Amino acid sequence: MAPSLENLLVVGVASSALFDLTESDAVFSSDGEQAYRAYQEAHLEEPFGAGVAFPFIRRLLRLNSLGPLVEVIVLSRNSPDTGLRILRSAAHHGLTISRAIFTQGRAPHEYMPALNMSLFLSANEDDVRRATAAGLPAGQVLKSSFRDDDDPALRIAFDFDGVLADDASERVYQAGGLDRFQEHEATNVVTPLDPGPLRDFLAGVNRIQRLAEDRIRVSVVTARSAPAHERAINSLKAWGLTVNDAFFLGGLRKAPILDVLKPHIFFDDQRGHLIQTVPCVHIPFGITNE
């Protein structure tokens, strides 16, 4: 019997994030749905190339060598017949993905709660924004020049406000500036922030780390600086969560740090912090995205 999804870290991924669909999308855009169907049938035996989220998903699934820890489910706007190539491509690349939902043009995010998903990745901005507006943890995977490496470990990096935490502190900053923000955070230093969209995803990652600490490294890369860093640390403690590294940059550019850290995926709520040299995910949550 297959393990219950409630006991696993469950991640949903759209084919647009997992594979390079450039040619297929071009056919659909220029020639329409019927030509797209014919194209996929004619190329059924040709696997798709790796997409931006591929390195992250591959390493995530490799954690199952330790036991049933992770489930990756494809959520796709394809119809069942045009989606055949997706699962065949996954099998070709050695990705143990057995579950998929094909919704023939409809946004698939509404199935996330039923599948206990703590993250949904897609290259489709509209699908991600719909999911986020519904209070679901979703992110748009952006194009990247990242070249995968041979390090077997999985490196995950998060921004803090608007990603792991909600945007309450960011709203103070936007309304009153840096001095007001620092004062507010110092006054509320022992009051944990409310969770943001990816708090539960980090909780799932931490559960796996307790079994395989050397296989995953988690970092926070945030514009916070002292003394506001204390509230971020205290919030993580209050949630019962941990990270391996924390970079409190005080407004410095994140790109140089990310270029050294080389995460296999980085989540941030502000597009201006995302770069092309690492796989980045935009979380369209909170005041910075209104």
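The smallest convex shape that holds all Cα atoms of region 1-74, its convex hull, gives 124 Å³ per residue.
For region 160-200, what class follows from the C-alpha gyration tensor (a ≥ b ≥ c being the square roots of its eigenvalues): rounded when a/c is under 1.5, otherwise prolate if a/b is larger than b/c, else oblate? Oblate.
By the helix-only formula, in which each DSSP H run with n ≥ 4 contributes -39500 (n - 2.57) and the sum is divided by residues, the chain has a 222 nm mean residue ellipticity of -10000 deg cm²/dmol. Listed by chain and number, the aspartates and glutamates placed with their C-alpha closer than 17 angstrom to that of Lys237 are Asp159, Asp161, Asp166, Glu185, Asp194, Asp200, Asp245; residues fewer than eight positions away on the same chain are left out. Go through region 116-173 and name the trypsin sites (Lys or Arg not before Pro) that are in a DSSP coil and have 14 or fewer other Cβ atoms within 10 Å of their Cβ. Sites meeting the loop and neighbour criteria: Lys143, Arg147. Per the Debye calculation on the chain with a single equal scatterer at every Cα and no solvent contribution, log₁₀ I(q)/I(0) for q = 0.11, 0.12 Å⁻¹ amounts to -0.64, -0.76. Look at the dipole of region 57-171 built from charges on Cβ: of Val70, Ser169, Gly139, the Cα furthest out on the positive end belongs to Val70. Going by the alpha-carbon gyration tensor, a ≥ b ≥ c the square roots of its eigenvalues, is region 191-290 rounded (a/c under 1.5) or, if a/c is not under 1.5, prolate (a/b greater than b/c) versus oblate? Rounded is the answer for region 191-290, as its axis ratio a/c remains below 1.5. Counting only Cβ charges, +1 for Lys and Arg and -1 for Asp and Glu, the dipole size of region 169-290 around its Cα centre is about 280 debye. Can you tell me how region 89-134 classifies by the Cα gyration tensor, rounded, prolate or oblate, using a/c under 1.5 as the rounded cut? Judged from the Cα gyration tensor, region 89-134 comes out prolate (a/c at least 1.5, a/b above b/c).
Net charge dipole, the chain: roughly 500 debye, given to the nearest 20, about the Cα centre with Cβ charges of +1 for Lys and Arg and -1 for Asp and Glu.
Here the accessible area of the chain is 50 percent carbon and sulfur, with a 1.4 angstrom probe and all protein chains present.
Keeping all protein chains in place, calculate the accessible area per residue for the chain (probe 1.4 angstrom), answer in Å².
46 Å²
The distance linking region 117-145 with region 72-93 is 18 Å (Cα centroid to Cα centroid, whole angstrom).
Any idea which of Ile57, Ala90, Gly32 is furthest toward the positive side of the dipole for region 20-125, if Lys and Arg beta-carbons carry +1 and Asp and Glu beta-carbons -1? So the residue furthest toward the plus end is Ile57.
The values are calculated or read from the model by the stated rules, or taken from the named source; none is laboratory data. Remember, it's a predicted structure, so these values are computed and weren't measured experimentally. Note: ideal-geometry Cβ built from the backbone for every residue, glycine included; neighbour counts use all protein chains shown. Ligands, DNA and RNA are stripped out before the accessible areas are found, and what is left, the full protein with its side chains, is counted by its heavy atoms. Shrake-Rupley method; radii C 1.70, N 1.55, O 1.52, S 1.80 Å.
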